[in-house]
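The values are calculated or read from the model by the stated rules, or taken from the named source; none is laboratory data. Note that the coordinates shown come from a computational prediction; the quantities given were computed from them, not determined experimentally. We place every Cβ from the backbone using ideal geometry, glycine too, and count neighbours over all the protein chains shown.
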Amino acid sequence: MKDLKGVKIISIAVNGNSSIFITDEKKVFTAGDGDCGQLGHGDLVHELMKRFREVDHFNREKNKKLSKIEGHPVKCCLAQSGTLIQTSGGHLYTYGLGEQGQLGHQNFKLQKKPKKVSYFRAQKPEIPIKQSIACGGEHMVVIDEHGRIYAWGLNTKGQIGNGKSERTHWQPVLLNSSLNVYNPSAAREALELFGIGFNIINLACGFAHNICVTTEGKIFGWGNQSHGQLGQGEAPNDNPFQVGLRPLRRPKLIATLKKPKIACGKNFSLLYDEGVLYGCGDNKSGQLGILPHENVWKVKELMRVELLDLKCGDDFTVCLKKDGTLLVFGGNSEGQCGLPKCETVKPTVVSGIEGKIKKLAVGGKSVLIVVEGEKVVEKAETGQKRSLEIASEPEAKRQKVEETVSKEEADEKQSVAP
């Protein structure tokens, strides 16, 4: 067994159930809840893996079928019970729960090993995905090399953004199917009708809503807006049967900034630009950092602060300030803000993290932090900060044997019970 000291991490993600990271040695490690196959180990069905273990599929020494053309893993993100990995060659792999089509494999099956999303390679010409990737609760969204958006999975709240029915999509759908980058005149006409085109540079997903940024600094959103997370204003009060706003099934402009950073929590959205943090949506736990703790239906200025990065969990926010410190606020019932448990936390700087913070991952009610120097990954959970560990292959095999023996003993005891 060994800890993570000395390991250089290039991409990292966490949700409420599991964690994943990619190293500069082109290896992928996962840990946490694997009951739906979202850890990608295949040979082991783990209800809970307490130590990080390498996903063998991306190890060329163990998987001789892996083509060099595909490249190596460079980015990762997590849905509620699924995993999305992007390679340097523009290929996508998914695995985990697929009952809503969120894996993009044209079926609704559970996938215990990484499987390539073949849709993009089947197109003529092929479509490499080398820009942003993101996951919602039960849907996934990516940007291709032309800045066009594709989405797949659950669509009951309009999270696919194609303006059609609530039908679930089990393969990627181009956000604007009439956009043809090889026909500029037709593309311009489609852009005028649709409002968003092939100039997307970044995106973020909440549980059932999405926001994206164009090269011009325009921020669009679509999907669920029950808590005002798309900043379109409060729902009309003349309909007693309508709770919140109806889903927005096509992208709509939220704001225009210069060089914005964006982040989404479960039901809220944050925008940051030039020292000002803006936001909208659910604020019942103070995740927008302001009082009173109630929904914010239109984008508003929240605070003035100099930030390098910002991330959101289900009901809390973590910001990396330019001075290298962490600013946290929102729900803290599980210690997710890195402070002693309490219901809510007003904007507070977290202390006790040694080393310069290089990467930050937030999801569910968990936080993963990568620091410079000893390269230790810290996990803020239940108000504690501790190092994480990797399970060596012999250790993983031992766990499997112990689980098998325990099951056999349990079966034996049950068979001799009166």
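Some points to look at:
- The stretch 254-265, residues that are farther than 17 Å from residue 360 by Cβ and buried (at least 24 other Cβ atoms within 10 Å of the Cβ): 254
- Residue count for the stretch 60-78 satisfying the condition of being at pLDDT 90 or above and part of a loop (DSSP other than H, G, I, E, B): 1.
- Subset of the stretch 161-178 (residues that are part of a loop (DSSP other than H, G, I, E, B) and either without any contact (Cβ under 8 Å) to a residue 24 or more places away in the chain or touching a Cys at 6+ places or on another chain (Cβ under 8 Å) (or both)): 165, 166, 167, 177, 178
- Inter-residue pairs, beta-carbon under 6 Å, first farther than 14 Å from residue 285 by Cβ and in the stretch 318-344, second acidic (Asp, Glu), 6+ apart: 320/309; 322/306
Yes/no per residue for (1) within 22 Å of residue 161 (Cβ to Cβ); (2) in contact with a helix residue (DSSP H, G or I) (Cβ under 6 Å, 6 or more places away or on another chain); (3) modelled with pLDDT under 95; (4) polar (S, T, N, Q):
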site	(1), (2), (3), (4)
233	yes, no, yes, no
241	no, no, yes, no
250	yes, no, yes, no
263	yes, no, no, no
268	yes, no, no, no
291	no, no, yes, no
329	no, no, no, no
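- Residue 363 falls short of the stated requirement of being more than 30 Å from residue 22 (Cα to Cα) and either modelled with pLDDT under 95 or not β-branched (Val, Ile, Thr) (or both).
- In the stretch 301-346, the residues that are under 23 Å from residue 256 (Cβ atoms) and among the polar types (S, T, N, Q): 317
- Number of positions in the stretch 299-342 that are acidic (Asp, Glu) and over 25 Å from residue 208 (Cβ atoms): 3
- Search result, residues across the stretch 196-222 that are in a loop (DSSP other than H, G, I, E, B) and either modelled with pLDDT of 95 or more or touching a Lys or Arg at 6+ places or on another chain (Cβ under 7 Å) (or both): 198, 206, 207, 208, 217
- Contacts under 8 angstrom Cβ, first residue in the stretch 1-16 being more than 22 Å from residue 81 (Cα to Cα) and at pLDDT below 70, partner of a type in the set (A, V, I, L, M) and not in a loop (DSSP other than H, G, I, E, B), 6 or more apart: 1/390; 2/390; 3/390; 4/377; 4/390
- Applying the condition of being modelled with pLDDT of 85 or more and of a type in the set (Val, Ile, Thr) to the stretch 153-195 and asking which residue is farthest from residue 271 (Cα to Cα) yields 168.
- Output for the stretch 23-44, where each listed residue is aliphatic (A, V, I, L, M), surrounded by 20 or more Cβ atoms within 10 Å (Cβ to Cβ) and over 24 Å from residue 314 (Cβ atoms): 28
- Restricting the stretch 89-122 to residues that are touching a residue at least 24 places away in the same chain (Cβ under 8 Å) and of a type in the set (Ser, Thr, Tyr) leaves a set whose member that is farthest from residue 59 (Cα to Cα) is 119.
- Pairs, first surrounded by fewer than 17 Cβ atoms within 10 Å (Cβ to Cβ) in the stretch 52-68, second part of a loop (DSSP other than H, G, I, E, B) and hydrophobic (A, V, I, L, M, F, W, C), C-beta under 9 Å, six or more apart: 59/66; 60/66
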